[in-house]
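What follows is a set of notes on a single structure, which appears directly below.
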Amino acid sequence: MTDQFEEAGPVPGGREERVVTAFVDLADSLVDDYDVVDLLDRLAGYCVELLAAEAAGIMLGDPQGRLRVVASTNEQSDWMELLQLEADEGPCVECHRSGTPVAVADLTTAAARWPRFVAALAERGTYGSVHALPLRLRGEAIGTLNLFHRRPGPLPVADLALGQALADVATTAILAERAIGRGEVVSEQLQAVLTSRVIIEQAKGVLAERGPLGMDEAFDRLRSYARDHRLRLAAVAREVVDTARVAADVLAVRADPPR
């Protein structure tokens, strides 16, 4: 286990162009009335593509300081993050509390540090390493960006720097809708994102049951419908929960590739 960013091999050829494409796309999304939840989902997808991670997730602190999942690339990363919240320990929890990155190259060596988390993880054997990066605002963490890899091992310094840059974009996306002048405004912004996530999870459940679909596929259909109709994810999710017709329309669309 290590908390230090370590050097690794060369950056794969062609990645620089993909990095530019990702940041241009994310910057273009930061326009008036953009959908924060959709943008965070898009950003998590770029983390998987650019940082060779099997999964990525974003967590935010609620007004009481408790972390909650707001975006993830699959249900396995959702489970990994929720496991840490239930145990109240793990790299993502520690990153949020300290406001500094936590890089764990081999989770099997972390039993003394996070006994409940590692014990529960051993039963599933899903991931071998995790890197948690803070969403920073004025020196404090309002959440974390979490990268999960199946195999143990450190990430290159360049990858961790890129991951932190993406985490900073996430912070901007959450808070840029209005000027941040008071602490309570930050809380309002965070709470709005968290509330949207709750209704989206409910809609995923409705679609999964009616499909029948897996939860990942249900979210892909919901996201595709929202993008095709230029609607906010949370607004479509509310309609899915409340209206059988809209749920049927969402189930009829072809899902876009995750991004």
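What follows draws every value from the coordinates through simple rules; no lab data is involved. Source: prediction; values computed, not measured. Note: ideal-geometry Cβ built from the backbone for every residue, glycine included; neighbour counts use all protein chains shown.
So how do His229, His131 line up by other beta-carbon neighbours within 10 Å, fewest first?
Exposure proxy ranking, most exposed first: His229, His131.
Residues in the range 80-89 carry Karplus couplings, in order, of 4, 6, 5, 4, 5, 5, 5, 7, 6, 7 Hz; the curve used is 6.51 cos²θ - 1.76 cosθ + 1.60 with θ = phi - 60°, and Gly or Pro positions show x.
Here are several values of Cα extents along the principal axes in Å: [x] 51, 43, 43; [y] 68, 38, 30; [z] 65, 36, 35. Which one was derived from the coordinates shown? Answer label, from the structure shown: [x]. Under 37 °C and 0.692 mPa s, how fast does the range 194-252 diffuse according to Stokes-Einstein, given a Kirkwood radius computed over C-alpha pairs? Answer in µm²/s, whole number. Using the Kirkwood radius from Cα pairs, D works out to 306 µm²/s.
Modelled spin labels at Arg18 and Ala158, positioned 7 Å past Cα toward Cβ, are 1.3 nm from each other. Here the contact order of the chain, divided by its residue count and restricted to Cα pairs under 8 Å and six or more residues apart, works out to 21 percent. Peptides 39-45, 241-247, ordered by how many other C-beta atoms sit within 10 Å of their residues on average, highest first, read 39-45, 241-247. Counting every other Cβ atom within 10 Å of each residue's Cβ, Leu51, Leu145 order from fewest to most as Leu51, Leu145. Residues whose amide H comes within less than 5 Å of that of Leu135, counting only those at least five positions distant or on another chain, are Ile142, Gly143, Thr144, Leu145 (H built at 1.01 Å from N in the peptide plane). Using Cβ point charges alone (K and R +1, D and E -1), the dipole size of the range 194-252 about the Cα centre works out to roughly 220 debye.
A Cβ-based charge dipole, computed about the Cα centre of the range 15-177 with Lys and Arg at +1 and Asp and Glu at -1, lands at about 720 debye. The charge dipole of the range 183-228, taken about its Cα centre with unit charges on the Cβ of Lys, Arg, Asp and Glu (plus for the first two, minus for the last two), comes to roughly 140 debye. Considering only Phe219, Leu233, Gln202, and ranking their Cα positions along the charge dipole of the range 194-252 that arises from unit charges at the beta-carbon of Lys, Arg, Asp and Glu, the one farthest toward the positive end is Leu233. In terms of other Cβ atoms within 10 Å, Tyr46, Tyr225 run from fewest to most in the order Tyr46, Tyr225. What the phi angles of the range 196-204 give under the Karplus curve with 6.51, -1.76 and 1.60, with θ = phi - 60°, is a coupling list of 4, 4, 4, 5, 5, 5, 5, 5, 4 Hz, glycine and proline written as x. Taking amide hydrogens as placed 1.01 Å from N in the peptide plane, the amide H of Gly128 sits under 5 Å from those of His149, Arg150, Arg151, each at least 5 positions away in sequence or on another chain.
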